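The values are calculated or read from the model by the stated rules, or taken from the named source; none is laboratory data. These numbers were taken from a predicted model, which means no experiment stands behind them. Quick reminder, even Gly has a Cβ in these numbers, built from the backbone with ideal geometry, and neighbours come from all protein chains shown.
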């Protein structure tokens, strides 16, 4: 993501990266970054919590105006309510699907494949 | 203390016998472009690296799929899908896309006057690509072209 942000900025589009992996954000040094200390997969707020989603994205967007030098990073005040998530996240090995590494589309539902064929986006 | 993902994931992949993942590590400061006008008056674009797609579109494949999907900004949650090489992080997003793809949130922020307007399409790709060269040569220019075509004046990038 940082690579894309840096490319956009070089070509005249101001960017803000919102993410929940602080070390990865720091390594990539995008022009502007907002860090929310949530488990990966929730950078836009807690699930089924519209108020929190609104708070996270609103606070992140504020960084567009608050960060004034390249590589600036703000930490959002939002806190994940469960204390054990970091431990759960570290022990979650079974689901990391770095395989299979072939070029067959991995639809969320089998039915999505049929919908893509019907829409002409995929050939059976 | 925030999670140390790079260290944890390096160790996990080594244990599982996966090829090591090399994150982009910047060695120079980025370029800088100031906002042309306040957020409340400009047109915002969104890129999500969550592997989002719309029902009826092609899902992502897991062999460095660098392609983009254009997602109409008014797409209902029920039509949003995700496929991503590290889909273990998408359990909640598949129940409530708003926790990773803030379409409804951004629409609300337009209504409230925080953002001037939204591009008619937002874009998604799949993060976790092994080839930095392909991200530089394929994904980044495609996102730039897509945003330019939409008249985007500032872009929010939301990581998975």
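Considering only the range B:90-103, I want to know if a residue exists there that is closer than 16 Å to residue A:105 by Cβ, modelled with pLDDT under 95, touching a strand residue (DSSP E or B) at 6+ places or on another chain (Cβ under 9 Å) and within 7 Å of chain A (Cβ to nearest Cβ). So far as the range B:90-103 goes, yes, one or more of its residues are closer than 16 Å to residue A:105 by Cβ, modelled with pLDDT under 95, touching a strand residue (DSSP E or B) at 6+ places or on another chain (Cβ under 9 Å) and within 7 Å of chain A (Cβ to nearest Cβ).
Number of residues in the range A:1-20 that are surrounded by fewer than 24 Cβ atoms within 10 Å (Cβ to Cβ) and either assigned to a helix (DSSP H, G or I) or at pLDDT below 95 (or both) equals 4. Restricted to the range B:108-119, and to residues there that are within 11 Å of chain A (Cβ to nearest Cβ) and either in contact with a strand residue (DSSP E or B) (Cβ under 9 Å, 6 or more places away or on another chain) or touching a residue at least 12 places away in the same chain (Cβ under 8 Å) (or both), the residue that is nearest to residue A:48 (Cα to Cα) is B:109.
Within the range B:8-24, the residues that satisfy the criterion of being loosely packed, with under 13 Cβ neighbours inside 10 Å and either under 23 Å from residue B:124 (Cα atoms) or at the interface with another protein chain (Cβ under 9 Å from one of its Cβ atoms) (or both) are B:15, B:16, B:19, B:22. Considering (1) assigned to a helix (DSSP H, G or I); (2) out of contact with any helix residue (DSSP H, G or I) (no Cβ under 6 Å at 6 or more places or on another chain); (3) over 16 Å from residue B:49 (Cβ atoms), the lone condition that residue A:48 does not fulfil carries the number (1).
Among residues that are more than 24 Å from residue A:47 (Cβ to Cβ), modelled with pLDDT under 95 and more than 16 Å from the chain's Cα centre (by Cα), residue B:21 is included.
One line per residue, one yes/no per condition, for (1) assigned to a loop (DSSP other than H, G, I, E, B); (2) closer than 20 Å to residue B:44 by Cα; (3) at pLDDT 85 or above; (4) within 10 Å of another protein chain (Cβ to nearest Cβ):
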site	(1), (2), (3), (4)
A:53	no, yes, yes, yes
A:58	no, yes, yes, yes
A:61	no, yes, yes, yes
A:78	yes, no, yes, no
A:89	no, no, no, yes
A:100	yes, no, no, yes
A:103	yes, no, yes, yes
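Within the range A:110-124, the set of residues being touching a helix residue (DSSP H, G or I) at 6+ places or on another chain (Cβ under 9 Å) and facing chain B (nearest Cβ under 7 Å) comprises A:121, A:122.
Selection within the range A:35-56: residues that are within 11 Å of the chain's Cα centre (by Cα) and touching a residue at least 40 places away in the same chain (Cβ under 8 Å). The member of this set that is surrounded by the most Cβ atoms within 10 Å (Cβ to Cβ) is A:36.
Residues are listed down the side, and each one gets a yes or a no for (1) more than 7 Å from chain A (Cβ to nearest Cβ); (2) touching a residue at least 40 places away in the same chain (Cβ under 8 Å); (3) closer than 23 Å to residue A:55 by Cβ:
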| site | (1), (2), (3) |
| --- | --- |
| B:68 | yes, yes, no |
| B:73 | yes, yes, yes |
| B:78 | yes, no, no |
| B:84 | yes, yes, no |
